[in-house]
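Peer 1: So that we are looking at the same thing, I have put the structure below in structure tokens.
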Amino acid sequence: YAAKKGRHGFEVWAPDGTPASRDRLETLEQLRTALDTDQLDNHYQPKLDLRTGTVVGVEALVRWNHPDRGLLFPDVFLPLAEQAGLMRRLALGVLERALRDLQAWRAAGHDLSMAVNLSVSNLQDVALPQQVEMLLDAFDVPAGALVLEITEDVLMADAARSQQVMAGLRALGVKLSIDDYGTGYSSLSYLRALPVDELKLDRSFVRNLTSDQRAAAIVRSTLQLSLDLDMGMVVEGVEDAETLASLRAWGCQVAQGYHIARPMPAADFPTWLTGRSTPTPRRGRRLPAPR
Ligand code: C2E
Ligand code: MG
Ligand code: MG
Ligand code: MG
């Protein structure tokens, strides 16, 4: 039966004979529907300023509320969207939700920035800067409050075109950040040329920071480099208190990671933010007796 089923799948769906191809086509059809029916959503992960202890911004991370499969993470559908030419729509949807949420939070008195991830094809899209400008206007968000995170592979694709798009974005006053910094092919050579505002050190350098001398040296020297280049540095993937303490001791500015908070739905963020900044106990908990 399995062979018959496999042959059926081969004939109907998969020229290369991989059974996964049928799933891919199905997922792609469902992704088009998802874009049409607002099944995609943003979750937000806070960024903490280690010197002041305040939350300075959030990063938007796309999620898919799939009707049958539940909450799907970007690794399942972003590569498909990229190959199928759906990344412009996807990115504009993420940006629109992100700026709408940011507008609401800023109106409530929270001075936050918003980081949004861009893909290779987004950086090849010369219409992007104008679309970003329209969205900033529509939601009345200052350009300087928007950070666009770009991974290093973007710069490999078509350097001339992506640099044109980056220049267009920067001319708006939007901030640019290099995501997963240090994992790419030639980080140092493009650092000299590119107009970026922030390095976001990849979480692989942060793992085992307290026991791994080499990782620690890389974090410290990248921090020094970012300072010398007059750029900000964000450390991602902070999963425990010891790592956070080391980063703080070394003078790292901004950190992000599960230890601080996991990505959360927009509706949960204001509660989380007020919960951590208000020192009074939550309702239902007993106050210690006054002395
Ligand atoms: P990224 O931009 O480097 O985002 C960080 C990823 O690490 C997120 O995974 C986040 O949930 C996860 N993370 C955060 N803190 C920790 C931690 O302490 N430990 C560990 N192990 N992981 C942590 P997520 O949300 O699954 O996103 C994966 C990647 O997908 C992102 O990596 C980004 O490259 C891409 N992505 C997410 N949303 C978008 C989007 O809207 N557009 C584009 N183009 N790419 C996106
Ligand atoms: Mg990112
Ligand atoms: Mg990253
Ligand atoms: Mg990543």
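The values are calculated or read from the model by the stated rules, or taken from the named source; none is laboratory data. These figures come from a predicted structure and were not determined experimentally. Backbone-built Cβ (ideal geometry, glycine too); neighbour counts: all protein chains shown. Remember, those area values only see protein heavy atoms, side chains included, never the ligands or the DNA or RNA. Shrake-Rupley method; radii C 1.70, N 1.55, O 1.52, S 1.80 Å.
Peer 1: Determine which single condition L148 fails, assuming it passes every other condition in (1) within 16 Å of ligand 1 (Cβ to nearest atom); (2) open to solvent by 20 Å² or more (accessible area, probe 1.4 Å); (3) outside any helix (DSSP H, G or I).
Peer 2: (2)
Peer 1: Suppose we keep only residues that are at pLDDT 95 or above and among the charged types (D, E, K, R) within segment 151-178. Which one would you say is nearest to ligand 1 (Cβ to nearest atom)?
Peer 2: The selected residue is K175.
Peer 1: Quickly run through segment 70-88 and pick out the residues that are surrounded by 13 or more Cβ atoms within 10 Å (Cβ to Cβ) and within 17 Å of the chain's Cα centre (by Cα).
Peer 2: Correct list: L72, F73, P74, V76, F77, L78, A81, E82, M87, R88.
Peer 1: State all residues of segment 81-122 that are hydrophobic (A, V, I, L, M, F, W, C) and more than 30 Å from S21 (Cβ to Cβ); if no residue qualifies, say none. Spell out how you get there, then give the answer.
Peer 2: At the first step, the residues of segment 81-122 found to be hydrophobic (A, V, I, L, M, F, W, C) are 81, 84, 86-87, 90-92, 94-95, 98-99, 102, 104-105, 107-108, 112, 114-116, 118, 120.
Answer for segment 81-122, where residues must be hydrophobic (A, V, I, L, M, F, W, C) and more than 30 Å from S21 (Cβ to Cβ): L95, A98, L99, L102, A104, W105, A107, A108, L112, M114, A115, V116.
Peer 1: Might you check whether a residue that is away from ligand 4 (no atom under 15 Å from the Cβ) and closer than 23 Å to P79 by Cα occurs anywhere in segment 134-142? So that I can check it myself, show each step before the final result.
Peer 2: Residues of segment 134-142 away from ligand 4 (no atom under 15 Å from the Cβ): 134-142.
Next cut, closer than 23 Å to P79 by Cα only: none.
No, segment 134-142 has no match at all.
Peer 1: While we're looking at this one, here's another question. Any residue in segment 82-101 that is at pLDDT 95 or above sitting within a Cβ distance under 6 Å of a residue that is among the hydroxyl-bearing types (S, T, Y)? List the pairs, counting only those 6 or more apart or interchain.
Peer 2: Matching pairs, first to second residue: M87/S119; M87/S121.
Peer 1: Go through the residues of segment 136-144 one by one and say whether even a single one is open to solvent by less than 30 Å² (accessible area, probe 1.4 Å), modelled with pLDDT of 95 or more, of a type in the set (A, V, I, L, M) and more than 26 Å from V235 (Cα to Cα).
Peer 2: Initial filter on segment 136-144 (open to solvent by less than 30 Å² (accessible area, probe 1.4 Å)): 136, 139, 141, 143.
Narrowing the set further to residues that are modelled with pLDDT of 95 or more leaves 136, 139, 141, 143.
Of the ones still in play, those that are also of a type in the set (A, V, I, L, M) are 136, 141, 143.
Subsequent filtering for residues that are more than 26 Å from V235 (Cα to Cα) retains 136.
Yes; the residues of segment 136-144 include at least one that is open to solvent by less than 30 Å² (accessible area, probe 1.4 Å), modelled with pLDDT of 95 or more, of a type in the set (A, V, I, L, M) and more than 26 Å from V235 (Cα to Cα).
Peer 1: Still on this model: Quick check on segment 162-180: of everything there that is open to solvent by 70 Å² or more (accessible area, probe 1.4 Å) and either among the polar types (S, T, N, Q) or not in a helix (DSSP H, G or I) (or both), which residue is nearest to ligand 3 (Cβ to nearest atom)? Let's see the steps before the verdict.
Peer 2: We begin by selecting, within segment 162-180, every residue open to solvent by 70 Å² or more (accessible area, probe 1.4 Å); these are 163-164, 170-171, 175.
If we keep only those that are either among the polar types (S, T, N, Q) or not in a helix (DSSP H, G or I) (or both) too, we end up with 163-164, 175.
Numbers: Q163: 21, Q164: 24, K175: 15 Å.
This residue is K175.
Peer 1: Further, regarding this structure: Hey, could you check segment 181-236 for residues that are assigned to a strand (DSSP E or B) and in contact with a Lys or Arg (Cβ under 7 Å, 6 or more places away or on another chain) and say which is nearest to ligand 4 (Cβ to nearest atom)? Reasoning before the result, please.
Peer 2: Narrowing segment 181-236 to residues assigned to a strand (DSSP E or B): 181, 198-201, 232-235.
Remaining after also requiring in contact with a Lys or Arg (Cβ under 7 Å, 6 or more places away or on another chain): 181, 198, 234.
Numbers: Y181: 10, E198: 15, V234: 12 Å.
My answer is Y181.
Peer 1: If I filter segment 151-161 down to residues being within 13 Å of ligand 2 (Cβ to nearest atom) and either more than 20 Å from E82 (Cβ to Cβ) or not in a loop (DSSP other than H, G, I, E, B) (or both), which single residue comes out as nearest to the chain's Cα centre (by Cα)?
Peer 2: Only one residue fits best here, namely T151.
For (1) over 16 Å from G182 (Cα atoms); (2) away from ligand 1 (no atom under 16 Å from the Cβ); (3) open to solvent by 20 Å² or more (accessible area, probe 1.4 Å), each residue gets a yes or a no:
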residue: R203; (1), (2), (3): no, no, yes
residue: L209; (1), (2), (3): no, no, no
residue: L223; (1), (2), (3): no, yes, no
residue: A241; (1), (2), (3): yes, no, yes
residue: S246; (1), (2), (3): yes, no, yes
residue: Q253; (1), (2), (3): yes, yes, yes
residue: A261; (1), (2), (3): yes, no, no
residue: A267; (1), (2), (3): yes, yes, yes
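Peer 1: Within segment 107-130, which residues are part of a helix (DSSP H, G or I) and within 17 Å of V154 (Cβ to Cβ)?
Peer 2: First, the residues of segment 107-130 that are part of a helix (DSSP H, G or I): 107, 120-123, 128-130.
Of everything in segment 107-130, those that are part of a helix (DSSP H, G or I) and within 17 Å of V154 (Cβ to Cβ) turn out to be V120, S121, N122, L123, L128, P129.
Peer 1: Could you grab the pairs with beta carbons closer than 7 Å, sequence gap of 6+ or different chains, first residue in segment 102-128 and open to solvent by less than 60 Å² (accessible area, probe 1.4 Å), second one within 16 Å of ligand 1 (Cβ to nearest atom) and part of a loop (DSSP other than H, G, I, E, B)?
Peer 2: Hits for this filter: V120/D153.
Peer 1: So which pairs qualify, if the first residue must be in segment 250-264 and on the phi > 0 side of the Ramachandran plot and without any contact (Cβ under 8 Å) to a residue 24 or more places away in the chain, the second must be outside any loop (DSSP other than H, G, I, E, B) and open to solvent by 20 Å² or more (accessible area, probe 1.4 Å), the Cβ gap must be under 9 Å, and the two must be at least 6 apart or on different chains?
Peer 2: none
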